[in-house]
1. Where both residues lie in the chain, what percent of DSSP beta bridges are antiparallel, nearest 5?
2. Largest first and to the nearest Å, give the Cα extent of segment 145-187 along each principal axis.
3. With the contact rule set at Cα under 8 Å and sequence spacing of 6 or more, what percent relative contact order holds for segment 251-342?
4. Summing -39500 (n - 2.57) over the DSSP H runs of n ≥ 4 in the chain and dividing by its residue number, what mean residue ellipticity at 222 nm do you reach, to the nearest 500 deg cm²/dmol?
5. So what is the orientation-averaged projected area of the chain, using the convex hull of its C-alpha atoms, in nm²?
6. Among rounded, prolate and oblate, which fits segment 1-76 when a ≥ b ≥ c are the square roots of the eigenvalues of its C-alpha gyration tensor, a/c under 1.5 means rounded, and a/b larger than b/c means prolate?
7. Report the relative contact order of segment 3-300, percent, no decimals, based on alpha-carbon pairs under 8 angstrom and at least 6 residues apart.
8. As a footprinting exposure proxy, order 8, 277, 39 by other Cβ within 10 Å, with the fewest listed first.
Amino acid sequence: MPIWELLRLVGRAIPQMFLSVDFLIIIGLVVVLSHSQYRRRAILEKRLFGTSFTDPLSETLNALLYGIMGGLFASAVFIGVGIPLSETGLWYVWPLALLLMLVHPRYLCFSYAGGILALSHLVAGWPALNVSAIIALVAVLHMVEAVLIRWHGHLNPSPVYLRTQEGEVVGGLSLQKLWPLPMLTLVLVTAATGDLAGADTVAMPDWWPLIRPHTVPGEGEQFIYLLFPMMAALGYSDICLSRLPMEKASLSSRYLAVYSLLLLGTALGSASVPALRWLAALGAPLGHELVIYLGQKSERAIPPLFRSHHGAMILGVKPGSPAEVMGLVPGDIILAINGYPVFSPEDVWQAMAPWVIDPAISVHGKLSGKGDRILTYKGKLPPLGVVFVPDSRVQSALAVDPRSPIGRWLERRK
């Protein structure tokens, strides 16, 4: 493959993509949506704990930065594999995904809409699309999602109080990310052979693309793949009850990575073996459901981690607070402050009342992986900048509503 010529062409296309007014407007809309999500999270934290642990602007900028890196990775896979976006039926996928979201929010995912449309094409011949291409698109987007979850998904979790099915109030850490994903894709067009003279093109090897188009060029014509900018948004939402954020995000990332690699392999195989198209179409939604099931099963198999302990266990640490400066992290248990023993969060406030200067805090850090240590702080406390896990006296907690948007609307109508 003439890799350097291809990189030169891609290197020219990327700045043009970000200088396009239409594309910048789309990026701006996704960024505004991302900022709105983080702002709502900050408001909820303020309502629950009296202070916000989320900086919406910082979270939005970080999500944009990671999203751009994810978009570059996606572009490399799209171009390397040769996935013709023009044959994926994308104009059908989006409306169907939005309709499925009304049934359940997690169905706002191309794995369900793409799988359903692929099956519809195989059964009824409608809509006109390339099954291998649409399933490969789904696989690549989930591959990027797995990478972004591993890189960024565990950072800056939001503390929450949740009520279990047994009625116990426990602490949890909410992981919520929304990544804008600007990327380059391939659009397939045909052109007369003579029209290509002097055009800035790259002759690709015979084995490329791995997914052959269904379109047949006319006499005297040949295929051209154009680099086309596309904007997507990837979201990640999870709650850590029995694992710390890094472990939880790492596990979710591994499940998604295996799913996306198997799905991409099946999609590529189906380009040569038509019978595999059924497996690819079924594997997209069913495989995604299996990923969700395995994640929930692994979570239920372990007792909640953030529950009342001997001492005062930390659930959340406010960025920039004295607690973060000292090195306190979720899962740490405060055992003493200046030799004053701590058995509950109330003891922490008693030990610091009305304030304490240059404190020494004894911490048990087995759960957080930091080990037992004594932390010091130069200055006056409070504020400390932490949220502790709830004890038995805490009654207010969030409850997960399993109903769909349609179900909630029908309930309100009643």
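1. Details: 43 of 45 bridges.
So the antiparallel bridges amount to about 95 percent of the total.
2. 53, 20, 14
3. Numbers: 60 pairs, mean separation 17.0, N = 92.
RCO, segment 251-342: 18 percent.
4. So the calculated ellipticity at 222 nm is -15500 deg cm²/dmol.
5. Working: hull surface 100.5 nm².
With the hull built on Cα positions only, its mean projection is 25.1 nm².
6. Values: a/c = 5.02, a/b = 2.66, b/c = 1.88.
Prolate.
7. 24 percent
8. Working: 8 13, 277 22, 39 16.
Going from sparsest to densest Cβ surroundings: 8, 39, 277.
Values in this text are rule-based calculations from the coordinates and carry no lab data. Since the structure is predicted, the reported quantities are computational estimates derived from the model, not experimental observations. Note that each Cβ is placed from the backbone with ideal geometry, even for glycine, and that neighbours are counted across all protein chains shown.
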